[in-house]
Amino acid sequence: MNSKPKKRSYIILIILLVFLVGPILWMFVTSFKDNIAIYKIPPEWLPHKPTLSNYINIFKDKLFMTYYMNNFITAFLTTFLTIIISILAGYSFSRFKFRGSQILLMAFLSVSIFPVVGIITALYSTFKNVGLLNTRAAVILTLTAANVPFCMWLMKGFFDDIPRALEEAAYIDGCGRLSTLIKVILPLCSPGILAIGLYTFLIAWDDYLYCLTLITDDKIRTLSNGISMRYLGELSYDWGNVMTVSVMASIPLLILFIFLQKYMIQGLTAGSVKG
Amino acid sequence: MKEASIAKHKYAPKLYKKMGREKHDRIFAVLLLLPALIIVGFTTFFPIAKSVIMSFFNYKLKANADYYWNDFLNYKELFQEGEIFSAIGTTFKFMTVTVILIFIIGLILSNILNKDVKGRAVLRSVVLLPWIIPTIVTGLLWMWIFQPQYGVLNYILMKLNIIADPINWVASMKFALYSVVTASVWRQIPFITIMLLAGMQGIPNDLYEAATIDGANSRQCFFKVTLPMLSNVIKSTLLISIITNFKQFPLFWIMTGGGPVNKTTTLAIMTYKNSFVNLNFGKGAAVSTIWLVILIVFSIVYNKVFKTARD
């Protein structure tokens, strides 16, 4: 509906914009203030003397940089693994209908809605038994498993849109099943792959609970957890520091969002709006 | 390289001939599914089953604690202490308030952005920003805004004479839950807005034109055309957001830790506390099992309600 909005719409829009964007701007502003400016009443809406000291402190903090790198490693590996597994499974569900495949797909999707906190107790004791506790693999495996059901379902949707005639043609040309998938089908659904990759990266980057329970070693601890362990004091927080690490934690996603927004939204809306 | 790939090509049809294409396809289909089955089986299917079993056993993570059947003691304790009832109540309260708020705000926002607003393209991106802010950062951000002495919220409210004294939002019996609701709503509005907006763009313009010719004003257009056309999108997004908020953990853990005095202890917090703070795995698993039952009952009811609504 392309009707002209009323004045009232603009007022509501401005209020909502302040609510949605204000806190993010406030995070940035706070990160550029020194401790005296942060605890001033009335607050300085723009820092009078902007300073980079918070950022310098963070970059000097070896442990923070370790957490940061760990977050990248975990998120990338999770994304990589999820993409491969989802492509394979999604393709299978799209092309080969066997008895019970519909039920299996539903089973995948319904366990994926089950709360992680609900299974973390059993997961912890399982990982303890097989010796995976306190390893990077533990977090990567669990994060991958959490993302695979939704991502393979999305990929199935993308594969469904590709005509089967292509595969027949490839078969006649003497192409095996796997090479058909890799050489003929995959290039056609690269937007889908990008979409599930971004979606998984977003979730893996955000992980808090898996790392909290499965990892106790500082060398492999990831960001969300590292922040809460290292920068949140018992009673008072150093808010300049906390807001600076918050900015640092958000920046990679902000950059992705600026350049690849279209695909991120596509991944999100493709499944639900269609279904 | 080239020779190898040619050899592969020749090999594949040969295999087809040997086994028959259909049989080969069936094996191929199963092989494709195998990685997904193994990984999801190991870290999801199996733990769910294990969790249910564990809930009937004495299982404590302490030295010389045994693993034995304890005659429903975990459940008896939970129901006698009664904390589980308030946890269920808090979980539902949090979920309901959050979901209602995000849907109202999301509908208003997407409806405005679907109109011919100035700078629409930029606004549509800007509005999405909270969606990419990590959950833990969301919690910290709002704690800083809610901070009692130096927080912006208290300053603004006092300036506007709405409150006389600063309020310790996150630690107050009255407001703690709603502080978490605020952070949760803030982060989820973008998701709802994208979904609803995508749905709205799929509604053909003729419908609005027809309605306008019939004399419908914009309010009637919204309630009689937009909303009914969105019912499918609303159904799926509603389910997703109900579940998301039902299992919210990090925001509570960071912002309130379940306090003050268990006022914001949800099922998620309770599970975690029993298992990883008190190290009583059996009891933690019992809370999860109760949770599983609630979810199953809920999804059956949800599907029934929406099926009858469509008929």
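The values are calculated or read from the model by the stated rules, or taken from the named source; none is laboratory data. Being a predicted model, the structure only gives us computed values, none of them experimental. With ideal geometry, Cβ positions are generated from the backbone for all residues, glycine too; neighbour counts draw on all protein chains shown. Please note that ligands, DNA and RNA were not included when accessible areas were found on the heavy atoms of the full protein model with its side chains. Shrake-Rupley method; radii C 1.70, N 1.55, O 1.52, S 1.80 Å.
Residues of segment B:147-157 that are more than 7 Å from chain A (Cβ to nearest Cβ) and hydrophobic (A, V, I, L, M, F, W, C): B:LEU153, B:ILE156, B:LEU157.
Working only within segment A:191-210, note down all residues that are β-branched (Val, Ile, Thr) and buried (at least 24 other Cβ atoms within 10 Å of the Cβ). Across segment A:191-210, the qualifying residues are A:ILE196, A:THR200.
Of the residues making up segment B:197-219, those that are more than 15 Å from B:SER110 (Cα to Cα), open to solvent by 60 Å² or more (accessible area, probe 1.4 Å), in a helix (DSSP H, G or I) and without any contact (Cβ under 8 Å) to a residue 12 or more places away in the chain are B:ASN205, B:ASP206, B:GLU209, B:THR212, B:ILE213. Answer yes if at least one residue in segment A:175-190 is within 22 Å of the chain's Cα centre (by Cα) and open to solvent by less than 20 Å² (accessible area, probe 1.4 Å), and no otherwise. Looking through segment A:175-190, at least one residue is within 22 Å of the chain's Cα centre (by Cα) and open to solvent by less than 20 Å² (accessible area, probe 1.4 Å). Evaluated against (1) within 14 Å of chain B (Cβ to nearest Cβ); (2) loosely packed, with under 14 Cβ neighbours inside 10 Å; (3) more than 14 Å from A:VAL247 (Cβ to Cβ), A:LEU13 falls short on exactly one condition, (2). Answer yes or no as to whether A:ASN70 is more than 11 Å from chain B (Cβ to nearest Cβ) and surrounded by fewer than 16 Cβ atoms within 10 Å (Cβ to Cβ). Considered against the rule, which asks whether it is more than 11 Å from chain B (Cβ to nearest Cβ) and surrounded by fewer than 16 Cβ atoms within 10 Å (Cβ to Cβ), A:ASN70 comes out as no. Checking each residue in segment A:198-209 for being among the aromatic types (Phe, Trp, Tyr) and at the interface with chain B (Cβ under 10 Å from one of its Cβ atoms) picks out A:TRP205, A:TYR208. Taking residues in segment B:67-80 that are of a type outside the set (Asp, Glu), and partners anywhere that are in a loop (DSSP other than H, G, I, E, B), the pairs with Cβ atoms closer than 7 Å and at least 6 places apart or on different chains are B:TYR67/B:TYR59; B:TRP69/B:PHE56; B:PHE72/B:PHE56; B:ASN74/B:SER55.
For segment A:128-140, the count of residues that are surrounded by 19 or more Cβ atoms within 10 Å (Cβ to Cβ), more than 8 Å from every other protein chain (Cβ to nearest Cβ), over 21 Å from B:THR244 (Cβ atoms) and of a type in the set (Val, Ile, Thr) is nonzero.
List, please: which pairs have Cβ atoms under 7 Å, are six or more places apart or on different chains, and start with a residue in segment B:160-181 that is β-branched (Val, Ile, Thr) and end with one that is open to solvent by 40 Å² or more (accessible area, probe 1.4 Å)? If the second residue must be open to solvent by 40 Å² or more (accessible area, probe 1.4 Å), the pairs left are B:ILE167/B:PHE175; B:VAL181/B:VAL97. Pairing residues of segment A:120-149 that are touching a residue at least 40 places away in the same chain (Cβ under 8 Å) and on the phi > 0 side of the Ramachandran plot with residues that are open to solvent by 10 Å² or more (accessible area, probe 1.4 Å) and β-branched (Val, Ile, Thr), at Cβ distances under 6 Å and at least 6 apart in sequence or on separate chains, gives A:ASN134/A:THR216.
From the list A:LYS156, A:LYS97, which residue is open to solvent by 10 Å² or more (accessible area, probe 1.4 Å) and part of a helix (DSSP H, G or I)? Only one candidate qualifies: A:LYS156.
Taking segment A:175-217 as the range and being without any contact (Cβ under 8 Å) to a residue 60 or more places away in the chain and outside any helix (DSSP H, G or I) as the test, the residues that pass are A:CYS175, A:GLY176, A:TYR208. When we screen A:SER125, A:SER110, A:SER92 for residues that are within 11 Å of chain B (Cβ to nearest Cβ), hydroxyl-bearing (Ser, Thr, Tyr) and open to solvent by 40 Å² or more (accessible area, probe 1.4 Å), the only hit is A:SER110.
Checking each residue in segment B:33-60 for being of a type outside the set (Gly, Ala, Ser) and touching a Lys or Arg at 6+ places or on another chain (Cβ under 9 Å) picks out B:TYR59, B:LYS60. Only a single item in (1) open to solvent by less than 20 Å² (accessible area, probe 1.4 Å); (2) more than 10 Å from chain B (Cβ to nearest Cβ); (3) more than 30 Å from B:GLY20 (Cα to Cα) is not met by A:GLU167, and it is number (3).
Restricting attention to segment A:36-83, the residues being part of a helix (DSSP H, G or I) and under 22 Å from A:PRO252 (Cβ atoms) number 29. Of A:GLY118, A:GLY176, A:GLY90, all but one fail to be out of contact with any strand residue (DSSP E or B) (no Cβ under 9 Å at 6 or more places or on another chain), more than 30 Å from A:LEU223 (Cβ to Cβ) and of a type in the set (Gly, Ala, Ser); the exception is A:GLY176. Would you confirm, using the coordinates I've provided, whether B:LEU227 is more than 9 Å from chain A (Cβ to nearest Cβ), crowded, with 17+ Cβ neighbours inside 10 Å and over 19 Å from B:PRO47 (Cα atoms)? No: the conditions fail for B:LEU227. There is no residue in segment A:204-219 that is within 23 Å of B:LEU197 (Cα to Cα) and either under 16 Å from the mean Cα position of the chain (by Cα) or modelled with pLDDT of 85 or more (or both).
Restricting attention to segment B:39-74, the residues that are at the interface with chain A (Cβ under 9 Å from one of its Cβ atoms) and open to solvent by 80 Å² or more (accessible area, probe 1.4 Å) total 2. Please find, within segment B:97-146, the residue that is farthest from the other protein chains (Cβ to nearest Cβ) out of those that are of a type in the set (Ser, Thr, Tyr) and under 17 Å from the mean Cα position of the chain (by Cα). Result: B:THR98.
Scanning segment B:253-268 turns up no residue that is surrounded by fewer than 14 Cβ atoms within 10 Å (Cβ to Cβ), at the interface with chain A (Cβ under 9 Å from one of its Cβ atoms) and over 23 Å from B:THR44 (Cα atoms).
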